[in-house]
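First up is the structure itself, then whatever we jot down about it.
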Ligand code: PEP
Ligand code: MN
């Protein structure tokens, strides 16, 4: 893919690049107050705001729609910020294009529906506007890639992916599970694609923003989208996660900024990396030996007409390995996941031999 580098089309006001603004445009006064506060921080490269809000339940505040575009245009004129708005339908897109919105983004709820995405992608053909693509709600990399590809095929080369966390069955302390491995995989699949992190929607609460932002930075996020509001507690949407522009300044000031890889300040990391390469290679050899043995066992089980699954043996393996691993400082959760994976593979191998 021939995605344009961010620096070709966006002037960064700070490193890391920050996109900020309220979850929703609630009034002219609120929009301008947020923009003024953000302008004062000197950190923000793009001003964002939702004006059509997708709400989980009916009767919530659904945004002011097109009238709010007047407020955003005012922000652009007064403070010089490029403005970004979420679009979910070709009608939204048309309204934004008419009013000179600089960047549009596709939300997590829209991304799950290829029909909606196809309609948007067709409506945007021939228009030179950057598109930011939030990860769809489902933890499914292919779905996210599909949205990116549909816009790319429509000729959009100014693209940013935004990692905002995923809906999962098991809940932890986050509003949306980060599942960091998914954006990392996206980045390795499309190395030119800038991948931003949206800690606001991952965390869902102000007190977790700092750590989520820091973690994303250490995982090489290319920038951030963070929601701000002059009076966050009173916000009509996402009140628990928004922060004031002043708090945004504090958050950014407290970040530990990693050095660029090229500078390579710590040569000893190379020595450790070589050792890890070596250990990984040994691990792979050991795993291959283990699976060869599983195959031999399968032959015996077949001859002796034994079942594949021997629950007692499996329980013993889980118990003994788990204890041994914990004594060596490995986490219980990690060894459990690893053993389950090994067990599944062993069963698959044996099934092939026996059935
Ligand atoms: C938002 O950015 O305010 C928003 C609705 O985001 P998401 O689509 O990630 O839920
Ligand atoms: Mn929001």
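So the values come out like this:
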{"quantity": "Cα shape, region 165-226, gyration tensor, a/c 1.5 rule", "calculated": "oblate"}
{"quantity": "Segment residue 314-residue 219, length gained on full extension (0.36 nm per residue, minus Cα span)", "calculated": "30.5 nm"}
{"quantity": "Rounded, prolate or oblate (a/c below 1.5 giving rounded, otherwise prolate when a/b exceeds b/c) for region 133-270 by Cα gyration tensor", "calculated": "oblate"}
{"quantity": "Distance between region 322-343 and region 241-303 - C-alpha centres, whole angstrom", "calculated": "16 Å"}
{"quantity": "Angle between the chain longest axis and helix 332-354 axis [Cα atoms, degrees, rounded to 10]", "calculated": "60 degrees"}
{"quantity": "Computed P(r) (all Cα pairs; the chain; 20 Å bins; percent)", "calculated": "25, 47, 23, 5, 0"}
{"quantity": "In degrees, nearest ten, helix 28-41 long axis to first principal axis of the chain (Cα)", "calculated": "70 degrees"}
{"quantity": "Exposure proxy ranking, count of Cβ atoms within 10 Å, fewest first, for 45, 346, 20", "calculated": "45, 346, 20"}
{"quantity": "Least to most buried among 300, 129 (fewest other Cβ within 10 Å first)", "calculated": "300, 129"}
{"quantity": "Two-decimal log10 I(q)/I(0) for region 93-207, as the Debye equation yields it once each C-alpha is a single scatterer, q = 0.18, 0.23, 0.24 Å⁻¹", "calculated": "-0.89, -1.30, -1.38"}
{"quantity": "CD proxy at 222 nm, helix term only [per DSSP H run n ≥ 4: -39500 (n - 2.57); per residue of the chain; nearest 500]", "calculated": "-15500 deg cm²/dmol"}
{"quantity": "Neighbour-count ranking [beta-carbon atoms within 10 angstrom, fewest first] of 119, 324, 227", "calculated": "324, 119, 227"}
{"quantity": "Rounded tilt (10° steps) of 209-218 against the dominant C-alpha axis of the chain", "calculated": "70 degrees"}
{"quantity": "Whole-number percent relative contact order across the chain, with pairs defined as alpha carbons under 8 Å at least 6 apart", "calculated": "14 percent"}
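Coordinate-derived values only; no laboratory data. Note that this is a predicted model, so its numbers are computed, not measured. FYI the Cβ positions are ideal-geometry reconstructions off the backbone, even for glycines, and counts take in every protein chain you see.
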